[in-house]
Amino acid sequence: MCDGDVMPAAALVIENLSFRYRDRQELAIHDISFQASPGEILLIAGASGCGKTTLIRCINGLVPRSYKGEMTGGVTILGEETKDWKLSQISQKIGTVLQDPERQILGTNVLNEVAFGLENLGIPREEIRQRVNEALKFLKIHQLSERETFTLSGGEKQKVALAGVLAMRPSILLLDEPLASLDPASAQDSLDTVRKLADEGMTVLIIEHRVEDVLRINPERVMFMSEGEIRYLGNLSGLSQVVDYREVKLPAKQILERARQDQPQAEITILPGAASSSDARSEAFGLNDSKAIVKFEDVAFGYEADVEVLHGLNLEIKRGDVIAVLGPNAAGKTTFVKHAIGLLKPKRGRVLVNGRDTKEASVAEIAGTLGYVFQSPSHMLFAPTVSEELSFGPHNLKHPQEQIETEVKEALRIVNLSDKEQDPPLALSFGQQKRVSIAAILAMQSRILVMDEPTAGQDYQNYMNFMDSILQLPGFEAILFITHDVDLAVIYANRVLIVNDGRLIADGRPQDVLRDFDRLKANRLVPTSLLSLNLERLNATGRFMRAEALAHV
Amino acid sequence: MLVAWKYRKRKSIIQWFDPRAWLIFYACFLVSTLAFWDVRFLLFFFVLALIVLFNSGVKWHEIRRAFLFIIAFITFFAILTFLTGRGGTELYTEEHLIREFKAPFSIFGWTPTLKITVERAFYAVTQFVRVGSIAIMTVLIPYSLNPALYGITFKGLGLPDKFAYAMDLTMRFIPTFARDFQLTMDAQRARGYELEKISGGVVEQVRKMGPIFVPVTIHAIIGSEDIIDAMDLRAFGVGPRTWLPVLKRDFKDRVLIWFGVAILIASLVLGFIGYGKFWVPEALLRLAGG
């Protein structure tokens, strides 16, 4: 471990901190020591399960008050040790914004939500109103004060949750993956606010997998955690020298420099089941003239009679397509995808799956062609064993029993979970649950895999491995995924759709769609360093590649 | 938007009153209605409910689905009890036959027979009016009471802070729960699960609902951990809390409360002295030859 610049008058001091959860054998974090100063942003990165969230819980007092266990070492805030403090005392010094604002927002309207903490402290009404207004004005969301919280967009929810914390006037702000559910532009807005708070003297600790995004606001220091310990603590420039570029998403140029020293990696074969040619990607680059499996003809839809949310979509999905659907929150991306799988039927126009109008087919009938994997596996897993979970779909589709057994075993083999056949799916790790949910679709023999935010909630290394393995699965003829991550489109897609306000804004090859930065900005997308690097070298490469591959071109 | 609150600010008789006053009146109305099986008394409550409905400011298209469901539900059970004669037998001991229909066949010696009696017919009508009155008044509540005020309303009715805030939390998380439920429904339908085709006995049907109930429950449990953390981190429950919204009760609210209490007392007194029991018109009894 190496410490960065020593900063005076620490707002937060952590000394030899270790914690073991009551029901666990091993320590979640051990021997953590560091300081953070007023006005400093400390970015905390590391793989899922490395102890980041436990560290945050130790600082904000949830450990050991709500999460019991054995804690040693000390947490000192503004010169005072918090060991004997009540949670209500700590909450006035330390504000915490959790990963999912949907679960953190407790009030039915914005005013109630922002006032919640102050109400609990029994502060007089007039002072509450004044502090709530201050917080809303600081975040420039005063116009939302009368809105019901369930009507807010993802970005608005994040700001309202932050306002609720800021109203309590903390000196230290803890942010646990604040960008997870935000589109790139909303993420950028949130980060700019964080920078502003730090510049006004607040100490900010931010846990985030999207390291490259946070680097844009120049955090003073970066901490990299692994297996409950600090592996690196220091300035930004040192980070790329210490950590593996496959573990943390670094700016593309830094990956490029590091990857030059390594042997080139073999390129993955995308959709081996789709193309007779070995390069499905190039086949799909305009050369794919096969018959459409899915066809949208002037599709319009609205959840309410007089409000249209999709306005006349026209497109086709063909064999060999790897389609990334980009667009801001609430753009209609999920509504569009639900039409493809027949969960929603158009109010105008039609969707054809294998030439058949989805209005005349049940979702079960369409499931044989399109399999949909939802963002969170916990929304679908229910069976007592993985094997039963996987047989659920084929059983519903009335596959013969012998065929189901073969399909389940084959699906498990493909996702590398054959040894988990009799395990309860809900007892598996998040990554394994994701693979079970993919296997459930594979077992149904669906030809097209549809995924909603496939990488959300996973760390960089895990989600890249996950995407690599999914794209190489032999069972699918096409893949479509919704994402906020522009780099996923750059690395994996051979076709990009931009959807905004229920309209198809762009549809084409990644290098054609993503080169127009003005259009990206207009659709709340932010160009990444990998995209820029690829565009710089497009003449030489002829296509988009991951940074490691560019290092050897 | 898949899940939306029914509440809107509108020109409504319900919203004209303080929500505490309205809930007290509603409770009085509910208990009073349940005290009667005499359709003549029940008509008073039914008319009262209709007056509230027509002055609630709720548009027909907003409540159409809810009302069609309620009407179908009440009609189904009224007809079911009418046909089987199994409802209301605790309210009358004697039946006056109007007409009897016998099936022209027998099953193992049993001939299906439909008896139309005055009591059965009037029990169905009474049931319709009674449940209809309560349903109208109940359905209007989510359309009329501001969900942001549920907590302070129950606090104002004397509940402790924690219980009162639980009402606020319930209102807050109903849309989230509904969204999670819809997501699970969609996820399972995308795997060929067809809820509408579930068959078998009650136990079997519940078992077959597992693909919906298990993920929804697990998700709710996982989500509740975040909710508890969020509450702890903002000092919930450390002491008496300030409630930012302020409710004001004035003369008209006191009148409404006293009106509700008067109805309740009158209903209880009438019941105590023997009024309000199941009633059938004499004319119908004569028609049936009673």
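The values are calculated or read from the model by the stated rules, or taken from the named source; none is laboratory data. All values derive from a computational prediction rather than experimental measurement. When we count neighbours, we look across all protein chains shown, and the Cβ atoms used for this are built from the backbone with ideal geometry, even at glycine.
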Out of all the residues in segment A:84-95, is one or more surrounded by fewer than 23 Cβ atoms within 10 Å (Cβ to Cβ) and closer than 28 Å to A:Leu428 by Cβ?
no
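One line per residue, one yes/no per condition, for (1) charged (D, E, K, R); (2) within 30 Å of A:Glu81 (Cα to Cα); (3) outside any strand (DSSP E or B):
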site: A:Gly107; (1), (2), (3): no, no, yes
site: A:Gly122; (1), (2), (3): no, yes, yes
site: A:Arg129; (1), (2), (3): yes, no, yes
site: A:Glu146; (1), (2), (3): yes, no, yes
site: A:Phe150; (1), (2), (3): no, no, yes
site: A:Ala161; (1), (2), (3): no, yes, yes
site: A:Val165; (1), (2), (3): no, yes, yes
Where a residue in segment A:59-76 is within 14 Å of B:Arg234 (Cα to Cα) and its partner, wherever it lies, is hydroxyl-bearing (Ser, Thr, Tyr) and assigned to a helix (DSSP H, G or I), with Cβ under 9 Å and at least six apart:
A:Asn60/A:Ser91; A:Gly61/A:Ser91
Confirm whether B:Leu256 is out of contact with any Lys or Arg (no Cβ under 9 Å at 6 or more places or on another chain), buried (at least 20 other Cβ atoms within 10 Å of the Cβ), touching a residue at least 12 places away in the same chain (Cβ under 8 Å) and among the aliphatic types (A, V, I, L, M).
yes
Filtered residue count, segment A:35-83, keeping only those that are surrounded by fewer than 17 Cβ atoms within 10 Å (Cβ to Cβ) and part of a helix (DSSP H, G or I):
2
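How about segment B:172-290: which helices (runs of 4 or more DSSP H) wholly inside it have at least 3 residues that are under 30 Å from A:Val165 (Cα atoms) and over 29 Å from the mean Cα position of the chain (by Cα)? Don't jump to the end; show me each part of the working.
On the way: elements: B:202-208, B:210-232, B:251-272, B:282-287.
Per the criteria, B:210-232.
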Tally of residues being surrounded by 24 or more Cβ atoms within 10 Å (Cβ to Cβ) and either β-branched (Val, Ile, Thr) or more than 12 Å from chain B (Cβ to nearest Cβ) (or both) across segment A:167-177
1
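A quick yes/no check of all residues on (1) more than 15 Å from the chain's Cα centre (by Cα); (2) modelled with pLDDT of 85 or more; (3) not β-branched (Val, Ile, Thr):
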{"residue": "B:Gly87", "(1), (2), (3)": "yes, no, yes"}
{"residue": "B:Leu91", "(1), (2), (3)": "yes, no, yes"}
{"residue": "B:Glu94", "(1), (2), (3)": "yes, no, yes"}
{"residue": "B:Phe101", "(1), (2), (3)": "yes, no, yes"}
{"residue": "B:Ser106", "(1), (2), (3)": "yes, no, yes"}
{"residue": "B:Gln127", "(1), (2), (3)": "no, yes, yes"}
{"residue": "B:Val131", "(1), (2), (3)": "no, yes, no"}
{"residue": "B:Ile136", "(1), (2), (3)": "no, yes, no"}
{"residue": "B:Val139", "(1), (2), (3)": "no, yes, no"}
Tell me, which residue of segment B:143-172 that is at the interface with chain A (Cβ under 9 Å from one of its Cβ atoms) and under 17 Å from A:Gln104 (Cα atoms) is surrounded by the fewest Cβ atoms within 10 Å (Cβ to Cβ)?
B:Leu169
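Can you name every residue in segment A:363-396 that is in a loop (DSSP other than H, G, I, E, B), facing chain B (nearest Cβ under 10 Å) and closer than 27 Å to A:Lys333 by Cα?
Of the residues in segment A:363-396, the ones in a loop (DSSP other than H, G, I, E, B) are A:368-369, A:374-376, A:380-385.
Narrowing the set further to residues that are facing chain B (nearest Cβ under 10 Å) leaves A:368, A:374-376, A:380-384.
Result: A:Gly368, A:Phe374, A:Gln375, A:Ser376, A:Met380, A:Leu381, A:Phe382.
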Restricted to segment B:192-212, and to residues that are without any contact (Cβ under 8 Å) to a residue 12 or more places away in the chain and at the interface with chain A (Cβ under 8 Å from one of its Cβ atoms), which residue is farthest from B:Ser144 (Cα to Cα)?
B:Gly192
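Do you know which residues across segment B:230-249 are touching a Lys or Arg at 6+ places or on another chain (Cβ under 8 Å) and at the interface with another protein chain (Cβ under 7 Å from one of its Cβ atoms)? Break it down stepwise before answering.
Step one: list which residues in segment B:230-249 are touching a Lys or Arg at 6+ places or on another chain (Cβ under 8 Å), which gives B:230, B:232, B:237-238, B:242-244, B:246-247, B:249.
Matches in segment B:230-249: B:Ala230, B:Asp232, B:Val238, B:Thr242, B:Trp243, B:Leu244.
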